[in-house]
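Colleague: Quick one: the structure is below, questions incoming.
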Amino acid sequence: MANISAASGLLGGSSIGLKTNGTLWTWGDNAQGQLGDNTLVNKNQPVQIGVDTDWLAIEAGSAHSIAIKTTGTLWAWGWNGTHQLGDGTNTNKKIPTQIGTATNWKSIDGGHTHSLGIKTDGTLWAWGFGSDGELGLGNSSSAVTPTQIGTDNDWAKAVAGSDHSLALKTNGGLWSWGNNETGELGHGTASTTNITIPTLISTNADKTLISAGRNFSQIMNSDGFLYATGVNTLGQLGDGTNTNKNTLTPIICTSLAVNEYAATKVNAYPNPVRELLHLSYEQGITMVSVYNLLGQEVFSKSIQDNEAALDLSALSPGTYLVKVASAANTQTLKIVKQ
């Protein structure tokens with residue numbers, strides 16, 4: 001199926017797709033009417049929903065779907081037992097149903113039992129189940145219709161997990177709230193005490209992607225570095241352990257290649273290093289940047305050679321990521337500073 005963007009539910013039972021011609025398609029589990037085709041019959045291939053050609057954005061929760069049309073209106077269907085559709089009822093819907101009359105919705109996301117949305121004026125809204133504080137409204141109550149979170153108008157992106165939420169502001173600040181039993185909020189603790197209002201995790205302004213899963217969270221910054229926090233009993237964080245994390249932890253790919261797999265690798269020695277780090281690369285080195293594990297650049301140097309010597313004596317002991325750029329590709333490797 002060409003020319004389509006798709007999203008799948010948090011628990012993976014159904015999928016929703018949007019073609020470039022603005023038509024809406026769904027497939028998979030339909031036990032709660034989440035496919036929107038006015039049946040409860042599962043579909044093993046994409047089926048078009050209605051004939052409208054003005055669908056703009058789509059997202060899928062565990063068993064509900066939400067979408068925005070080019071008119072800026074909000075639509076939802078599927079499971080509504082915890083008010084996650086936002087229509088003021090707890091009745092499931094088997095067809096796309098308009099939510100409210102607002103015409104300035106910009107983005108949406110569906111979690112397990114709650115939903116989030118941002119309007120074009122930068123305000124953040126939540127609705128659905130709220131017993132873990134995942135709505136960010138300062139309490140543990142549910143919201144049967146979209147309800148504004150605070151008064152800030154500089155929200156850029158919001159994502160809904162199973163029982164928690166993450167959001168980015170336009171200045172790059174990362175915020176989280178909701179259930180934190182396994183450290184998924186990234187605040188440095190894991191506690192049965194829920195966080196019921198958006199709480200700042202990071203002020204770094206270089207985050208480009210955020211994702212909230214089932215009790216864990218992930219972010220990626222503009223340099224392609226991935227970080228994760230939360231439950232890790234099945235290795236879902238990807239950090240090489242099965243230990244839960246309560247702060248954003250860097251995820252290191254063992255291949256060392258970020259942009260592409262290279263035929264040759266950068267040689268770095270000694271590692272661990274005390275003062276001078278020597279680099280060599282057959283394809284040539286144009287730039288070297290060193291980052292701490294918070295993703296902050298702590299050293300950079302322009303180089304036009306196959307070899308380089310970096311004086312890292314001023315860096316504090318710890319683990320760092322070294323990004324080596326050539327004209328053809330970029331590689332990232334991990335070093336330990338003694």
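The values are calculated or read from the model by the stated rules, or taken from the named source; none is laboratory data. These figures come from a predicted structure and were not determined experimentally. Glycine gets a Cβ as well: all are built from the backbone with ideal geometry, and neighbour counts include every protein chain shown.
Matching residues to (1) more than 24 Å from L226 (Cβ to Cβ); (2) of a type in the set (S, T, N, Q); (3) modelled with pLDDT of 85 or more:
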position: P270; (1), (2), (3): yes, no, yes
position: L277; (1), (2), (3): no, no, yes
position: L294; (1), (2), (3): no, no, no
position: E297; (1), (2), (3): no, no, no
position: S300; (1), (2), (3): no, yes, yes
position: S313; (1), (2), (3): yes, yes, yes
position: A325; (1), (2), (3): no, no, yes
position: V336; (1), (2), (3): no, no, yes
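Colleague: Restricting attention to segment 198-217, which residues are touching a residue at least 12 places away in the same chain (Cβ under 8 Å) and closer than 16 Å to G161 by Cβ?
Modeller: Filtering segment 198-217 down to residues touching a residue at least 12 places away in the same chain (Cβ under 8 Å) leaves 198-208, 210-217.
Within segment 198-217, P198, T199, I201, I210, S211, A212, G213, R214, N215, F216, S217 qualify.
Colleague: I've got another one for you. For residues in segment 201-233 being surrounded by fewer than 21 Cβ atoms within 10 Å (Cβ to Cβ) and of a type in the set (S, T, Y), which is farthest from N246 (Cα to Cα)?
Modeller: Among them, the one singled out is S222.
Colleague: If we scan segment 305-312, do we find a residue that is in contact with a Lys or Arg (Cβ under 9 Å, 6 or more places away or on another chain), in contact (Cβ under 8 Å) with a residue 60 or more places away in the chain and either among the β-branched types (V, I, T) or part of a loop (DSSP other than H, G, I, E, B) (or both)?
Modeller: No; the residues of segment 305-312 include none that is in contact with a Lys or Arg (Cβ under 9 Å, 6 or more places away or on another chain), in contact (Cβ under 8 Å) with a residue 60 or more places away in the chain and either among the β-branched types (V, I, T) or part of a loop (DSSP other than H, G, I, E, B) (or both).
Colleague: Can I ask one more? Of all residues being among the hydrophobic types (A, V, I, L, M, F, W, C) and assigned to a loop (DSSP other than H, G, I, E, B) in segment 17-62, which is nearest to D87 (Cα to Cα)? Just the residue, please.
Modeller: L35
Colleague: Considering (1) farther than 12 Å from I149 by Cβ; (2) touching a Phe, Trp or Tyr at 6+ places or on another chain (Cβ under 6 Å); (3) not basic (K, R), say which one N90 fails and leave the rest.
Modeller: Condition (2) is where N90 drops out.
Colleague: Kindly establish whether T113 is within 14 Å of G178 (Cβ to Cβ) and β-branched (V, I, T).
Modeller: When the stated conditions are applied, T113 passes them.
Colleague: Against the condition over 21 Å from R214 (Cβ atoms), free of Cβ contacts under 8 Å to residues at least 60 places away in the same chain and surrounded by 19 or more Cβ atoms within 10 Å (Cβ to Cβ), how does I99 come out, does it pass? Walk me through how you get there before you give the answer.
Modeller: On the way: over 21 Å from R214 (Cβ atoms): yes; free of Cβ contacts under 8 Å to residues at least 60 places away in the same chain: yes; surrounded by 19 or more Cβ atoms within 10 Å (Cβ to Cβ): yes.
Taking the combined requirement at face value, the residue satisfies it.
Colleague: Tell me yes or no: at least one residue of segment 81-88 is farther than 23 Å from T196 by Cβ, among the β-branched types (V, I, T) and out of contact with any Asp or Glu (no Cβ under 8 Å at 6 or more places or on another chain). First the steps, then the outcome.
Modeller: At the first step, the residues of segment 81-88 found to be farther than 23 Å from T196 by Cβ are 87.
Within this subset, residues satisfying the condition of being among the β-branched types (V, I, T) are none.
Checked segment 81-88: no residue is farther than 23 Å from T196 by Cβ, among the β-branched types (V, I, T) and out of contact with any Asp or Glu (no Cβ under 8 Å at 6 or more places or on another chain).
Colleague: In addition: From the list T189, T193, which residue is part of a strand (DSSP E or B) and surrounded by fewer than 21 Cβ atoms within 10 Å (Cβ to Cβ)? Reasoning before the result, please.
Modeller: Details: T189 fails: part of a strand (DSSP E or B).
That would be T193, the only listed residue that is part of a strand (DSSP E or B) and surrounded by fewer than 21 Cβ atoms within 10 Å (Cβ to Cβ).
Colleague: Let me ask you something else. Which residue is farthest from P250 (Cα to Cα), if the candidates are limited to segment 306-325 and must be under 29 Å from the mean Cα position of the chain (by Cα) and not basic (K, R)?
Modeller: Result: A325.
Colleague: Out of L24, L18, which single residue is in contact with a Leu (Cβ under 7 Å, 6 or more places away or on another chain), of a type in the set (A, V, I, L, M) and in contact (Cβ under 8 Å) with a residue 60 or more places away in the chain?
Modeller: The conditions single out L24.
Colleague: Continuing with the same structure: Please go through (1) at pLDDT below 90; (2) assigned by the TED database to the domain that holds H187 for A257 and return the number of the only condition it doesn't satisfy.
Modeller: (2)
Colleague: Additional query: Exactly one condition in (1) surrounded by 21 or more Cβ atoms within 10 Å (Cβ to Cβ); (2) touching a Phe, Trp or Tyr at 6+ places or on another chain (Cβ under 8 Å) is false for W177; which is it?
Modeller: Result: W177 fails condition (2) only.
Colleague: Since I149 meets every condition but one in (1) buried (at least 21 other Cβ atoms within 10 Å of the Cβ); (2) out of contact with any Leu (no Cβ under 8 Å at 6 or more places or on another chain); (3) among the β-branched types (V, I, T), which condition does it not meet?
Modeller: For I149, the failing item is (2).
Colleague: Now for a separate question. Starting from segment 40-53, take each residue that is without any contact (Cβ under 8 Å) to a residue 60 or more places away in the chain and list its partners that are assigned to a loop (DSSP other than H, G, I, E, B) and β-branched (V, I, T), counting only C-beta distances under 6 angstrom and pairs at least six apart or across chains.
Modeller: That search, which allows pairs on different chains as well, returns Q48/T23; T53/T23.
Colleague: For G240, all conditions in the list (1) in contact with a strand residue (DSSP E or B) (Cβ under 6 Å, 6 or more places away or on another chain); (2) touching a residue at least 12 places away in the same chain (Cβ under 8 Å) hold save one; what is the number of the exception?
Modeller: It fails just one condition, (1).
Colleague: Then there is this: Looking at this structure, is T120 surrounded by fewer than 21 Cβ atoms within 10 Å (Cβ to Cβ), out of contact with any strand residue (DSSP E or B) (no Cβ under 7 Å at 6 or more places or on another chain) and closer than 18 Å to T73 by Cα?
Modeller: No, not satisfied.
Colleague: Take the residues in segment 85-115 that are in contact with a strand residue (DSSP E or B) (Cβ under 8 Å, 6 or more places away or on another chain) and among the β-branched types (V, I, T); name whichever of them is farthest from L35 (Cα to Cα).
Modeller: Here the answer is T89.
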